[in-house]
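What follows draws every value from the coordinates through simple rules; no lab data is involved. Everything numeric here is computed off the predicted structure, so don't read it as measured data. Cβ: placed from backbone, ideal geometry, glycine included. Neighbour counts: every protein chain shown.
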Amino acid sequence: MIIRIKDVSMKFNLGIEKDFSIKQAFINLFSRKKKDKHKDDFWALKDVNFEVKRGEVIGLIGSNGAGKSTLLKVVSGVMKPTTGKVEVNGVISPMIELGAGFDGNLTAKENIYLNGSILGYSKKFLDEKFNEIVDFSELRDFLDVPVKNFSSGMTAKLAFSIATIVNPEILIVDEILSVGDLKFQEKSKRKMMEMIKGGTTVLYVSHSMQSIEDLCTKVIWLEHGKVIKMGDTKKICKEYYDSQMGK
């Protein structure tokens, strides 16, 4: 198995900031009603278990707040689970928050080298791939423009072009096929298909059932941090759709 998730749970305390003030501490000290330290606990993931074989493309579906993005961050190592074990046997390329590694005051050209270095690419490699990145992004006329002046679509185009310049063993994707205009969305989808055909293992989050059905070999349905079902893509997508439509 290239990915193994065993009994993974992730807890956040939604009210933790309220207790950091001296005033609140004084109130808690003299309050007759004992404060429940756990009342603000929120379990984004609860006892999640699944395995992914090399080369599989797994779609994660569920309503907003189901835990999909949190799960991607746990698998990619951005977050450490509260309990449970995450085993990953391969190099990961996470595309969770495109453009998160950019400096708005730097130009597009400068950010290619900055973001590329964050992703672990050498300057020599980026020099060799520079024109390929720029051509895919369709932003050659904006190379000397600070990224802070880019639209969100332009920023996402540049970030996607940098992140997909190599074929990683494991690709973690969160709603990135909806970035940019329709032409770029189609180009991004074709790029994803090339990577999948090349044997890349993919975890993919999307609210688009069509893209899930087009790309994924298997689906995990999450709700309230728990796995509802896992298995055949078309079957589970239909069950999820019917549940959302109230059938």
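When segment 94-141 is filtered for residues that are in contact with a helix residue (DSSP H, G or I) (Cβ under 8 Å, 6 or more places away or on another chain) and among the charged types (D, E, K, R), the ones remaining, listed by number, are Asp103, Lys123, Glu138, Arg140. Of the numbered criteria (1) over 27 Å from Ser63 (Cα atoms); (2) free of Cβ contacts under 8 Å to residues at least 60 places away in the same chain; (3) of a type outside the set (Phe, Trp, Tyr), the one Gly153 fails is (1). When you check Val173 against the structure, is it β-branched (Val, Ile, Thr) and more than 18 Å from Gly101 (Cβ to Cβ), yes or no? Against the criterion (β-branched (Val, Ile, Thr) and more than 18 Å from Gly101 (Cβ to Cβ)), Val173 does not qualify. Is it fair to say Leu222 is free of Cβ contacts under 8 Å to residues at least 12 places away in the same chain and hydrophobic (A, V, I, L, M, F, W, C)? In short, no. Of the helices (runs of 4 or more DSSP H) that lie entirely inside segment 167-247, those containing 2 or more residues that are surrounded by 17 or more Cβ atoms within 10 Å (Cβ to Cβ) and touching a Leu at 6+ places or on another chain (Cβ under 7 Å) span 182-197.
Among the residues of segment 105-114, not a single one is closer than 20 Å to Thr200 by Cβ and either out of contact with any Phe, Trp or Tyr (no Cβ under 6 Å at 6 or more places or on another chain) or of a type in the set (S, T, N, Q) (or both).
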